[in-house]
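Novice: Right, I'll just put the structure down here and ask away after.
The values are calculated or read from the model by the stated rules, or taken from the named source; none is laboratory data. Since we're looking at a predicted model, the values are computed, not measured. Here Cβ is always computed from backbone atoms with ideal geometry, including for glycine, and neighbour counts include all displayed protein chains.
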Amino acid sequence: MNRILQAVLLGISLVPVSGWAQYPVKPIKLIVPFSPSTPPDIAGRVIAQRLSVGLGQQMVVENRPGAGGTLGTAAAAKSPPDGYTVLLGSTGSLASSPSLYSNIGYDSRKSFAPISMIGVAPFVIVVNSSVQAASLKEFIELARAKPGQINYGRGSNGTPPHIIGEAFTKMTGLNLFHVPYNGSTASVTALIAGDVQIMIEQLALLQSQIRTGKFRPLAVASATRIPQLPEVPTAAEAGLPGYEWSAWTGLLAPRGTPGEIIGRLNSETVKSLATKEVRDILANQGVEPAGNTPEQFAAFIDVEIEKWSRAVKASGAKVD
């Protein structure tokens, strides 16, 4: 009996198993377009560790910071669509930067295949504890009485804290003196020292100083209160309706990555986000886990691009 007939009779296919069915067969690179120990990097490393277990291959984090996350994001967009390069996307690199940079080297919608969101972290409005304001309303009254005399600390030009800081001053009509720093960590240090009096940042960068009483949280820029700061009102509750801004992260692959691979990565990511270990670590960083489908993540990115585009235009910020 020849080999072909034998295979037919035994119901054994001679067609080779497709490459994606064996995926992954080697380590996967996760490009994090931000510096180590930053909030996006922490979220990325937590997921990478869990995915290494779920996929049976190590996911190696490669930090490629620069230009508000656009350098590493552009590198990911140009990588082979074979499932062995994954991007940690974020608010800045995918939603706000396209409106800030004239040529970033990628298209947030067309260059990537979304996999899943990781989490969402609302921004928090905080002041140095020496500021004589116990609420957002009191701070606004204080700032109006001292136009141009209160310093707002933020990261470098074009970063989300810059954009939402401009949105804050426009919505309140305040005249704050914006002081740019080389990164959010530096602006936090300035707030500790009292060089600036107010800033709006992610909870992960603020919570240790909030716990020690050096920073006073006035409001969270979210639709609902957050578990980490249950006594702190939302911006709407504090008298600033419509002021909702969050920092988010998610996984994406270069456009053209096979759908079966995207599906495998999505499944493992959602499983990882459902574990108590991962949820506890993210919660400690002020991040709410938010695993979803590739289609849902794509739709979310579309909405965020439009929202941040309007905010960037209103701020007048531009980076070349």
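Novice: Report, by residue number, each residue of segment 226-258 that is without any contact (Cβ under 8 Å) to a residue 40 or more places away in the chain and of a type outside the set (S, T, N, Q).
Specialist: P230, E231, A236, E237, P241
Novice: State yes or no: is T257 in the same structural domain as I164 (by TED's automatic domain parsing) and more than 18 Å from V46 (Cα to Cα)?
Specialist: For T257, the condition - in the same structural domain as I164 (by TED's automatic domain parsing) and more than 18 Å from V46 (Cα to Cα) - is not met.
Novice: Still on this structure, please answer the following. Only residues in segment 182-200 that are closer than 20 Å to P122 by Cα count as the first member; pair them with residues that are assigned to a helix (DSSP H, G or I) and β-branched (V, I, T), Cβ under 9 angstrom, at least 6 apart or cross-chain, and list the lot.
Specialist: Taking only residues 6 or more apart or on different chains, the pairs are M199/V188; I200/I164.
Novice: Just wondering, is there one or more residues in segment 131-148 that are among the charged types (D, E, K, R) and in contact with a helix residue (DSSP H, G or I) (Cβ under 9 Å, 6 or more places away or on another chain)?
Specialist: Keep residues of segment 131-148 that are among the charged types (D, E, K, R), which gives 137-138, 141, 144, 146.
Applying the additional criterion that residues be in contact with a helix residue (DSSP H, G or I) (Cβ under 9 Å, 6 or more places away or on another chain) yields 144.
For segment 131-148, residues among the charged types (D, E, K, R) and in contact with a helix residue (DSSP H, G or I) (Cβ under 9 Å, 6 or more places away or on another chain): present.
Novice: I would also like to ask the following. It is to be established whether one or more residues within segment 105-114 are closer than 20 Å to E231 by Cβ, in contact with a Pro (Cβ under 8 Å, 6 or more places away or on another chain) and modelled with pLDDT of 95 or more. Outline the logic, then answer.
Specialist: From segment 105-114, those closer than 20 Å to E231 by Cβ are none; that's our starting set.
Checked segment 105-114: no residue is closer than 20 Å to E231 by Cβ, in contact with a Pro (Cβ under 8 Å, 6 or more places away or on another chain) and modelled with pLDDT of 95 or more.
Novice: Taking the condition of being more than 13 Å from the chain's Cα centre (by Cα) and either on the phi > 0 side of the Ramachandran plot or surrounded by 23 or more Cβ atoms within 10 Å (Cβ to Cβ) (or both), how many residues in segment 32-45 meet it?
Specialist: The total comes to 1.
Novice: Would you kindly identify the helices (runs of 4 or more DSSP H) lying entirely within segment 19-138 that contain at least 1 residues that are touching a strand residue (DSSP E or B) at 6+ places or on another chain (Cβ under 6 Å), touching a residue at least 12 places away in the same chain (Cβ under 8 Å) and among the basic types (K, R)? Talk me through it step by step, then tell me what you get.
Specialist: Details: elements: 39-55, 70-77, 97-100.
In segment 19-138, 39-55 are the helices (runs of 4 or more DSSP H) which contain 1 or more residues that are touching a strand residue (DSSP E or B) at 6+ places or on another chain (Cβ under 6 Å), touching a residue at least 12 places away in the same chain (Cβ under 8 Å) and among the basic types (K, R).
Novice: Then there is this: Go through the residues of segment 194-212 one by one and say whether even a single one is under 26 Å from A95 (Cα atoms), of a type in the set (S, T, Y) and modelled with pLDDT of 95 or more. If you could, list the steps in order and put the result at the bottom.
Specialist: Taking segment 194-212 as the starting set, the residues that turn out to be under 26 Å from A95 (Cα atoms) are 198-207.
When the remaining residues are screened for being of a type in the set (S, T, Y), the result is none.
For segment 194-212, residues under 26 Å from A95 (Cα atoms), of a type in the set (S, T, Y) and modelled with pLDDT of 95 or more: absent.
Novice: Moving to a separate point now. For segment 182-215, which residues satisfy the criterion of being surrounded by fewer than 23 Cβ atoms within 10 Å (Cβ to Cβ) and part of a loop (DSSP other than H, G, I, E, B)?
Specialist: Across segment 182-215, the qualifying residues are N182, G183, G194, D195, T212, G213, K214.
Novice: Tally up the residues in segment 139-166 that are touching a residue at least 12 places away in the same chain (Cβ under 8 Å), part of a loop (DSSP other than H, G, I, E, B) and more than 22 Å from the chain's Cα centre (by Cα), please. Give the steps one after another, and end with the answer.
Specialist: Applying the first criterion (touching a residue at least 12 places away in the same chain (Cβ under 8 Å)) to segment 139-166 yields 139-140, 143-144, 147-166.
Next, from what is left, pick out any that are part of a loop (DSSP other than H, G, I, E, B): 147-150, 155-159.
Among the residues that remain, those that are also more than 22 Å from the chain's Cα centre (by Cα) are: 147-150.
So the answer is 4.
Novice: Identify, by number, the condition in (1) closer than 24 Å to I305 by Cβ; (2) assigned to a loop (DSSP other than H, G, I, E, B); (3) of a type outside the set (S, T, Y) that W248 doesn't meet.
Specialist: With respect to (1) closer than 24 Å to I305 by Cβ; (2) assigned to a loop (DSSP other than H, G, I, E, B); (3) of a type outside the set (S, T, Y), W248 is out only on (2).
Novice: All but one of (1) surrounded by 20 or more Cβ atoms within 10 Å (Cβ to Cβ); (2) of a type outside the set (V, I, T); (3) on the phi > 0 side of the Ramachandran plot hold for G105; which doesn't?
Specialist: The single condition G105 does not satisfy is (1).
Residue-by-condition table, conditions (1) at pLDDT 95 or above; (2) touching a strand residue (DSSP E or B) at 6+ places or on another chain (Cβ under 8 Å); (3) surrounded by fewer than 17 Cβ atoms within 10 Å (Cβ to Cβ):
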residue: P217; (1), (2), (3): yes, yes, no
residue: E231; (1), (2), (3): yes, no, yes
residue: E237; (1), (2), (3): yes, yes, yes
residue: L251; (1), (2), (3): yes, yes, no
residue: R264; (1), (2), (3): yes, no, no
residue: L273; (1), (2), (3): yes, yes, no
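Novice: Then there's this: Looking at (1) more than 16 Å from the chain's Cα centre (by Cα); (2) modelled with pLDDT of 95 or more; (3) surrounded by 20 or more Cβ atoms within 10 Å (Cβ to Cβ), find the lone condition where F297 falls short.
Specialist: (1)
Novice: Hey, another quick one. Which condition breaks for G242 when tested against (1) out of contact with any Lys or Arg (no Cβ under 6 Å at 6 or more places or on another chain); (2) at pLDDT 95 or above?
Specialist: In the conditions (1) out of contact with any Lys or Arg (no Cβ under 6 Å at 6 or more places or on another chain); (2) at pLDDT 95 or above, G242 misses (2) alone.
Novice: Conditions: (1) under 28 Å from S97 (Cα atoms); (2) polar (S, T, N, Q); (3) modelled with pLDDT of 95 or more. Q149 meets all but one. Number of the miss?
Specialist: That leaves (1) as the condition not met.
Novice: Only one of (1) surrounded by fewer than 21 Cβ atoms within 10 Å (Cβ to Cβ); (2) in contact with a strand residue (DSSP E or B) (Cβ under 8 Å, 6 or more places away or on another chain) fails for T172. Which number is that?
Specialist: In the conditions (1) surrounded by fewer than 21 Cβ atoms within 10 Å (Cβ to Cβ); (2) in contact with a strand residue (DSSP E or B) (Cβ under 8 Å, 6 or more places away or on another chain), T172 misses (2) alone.
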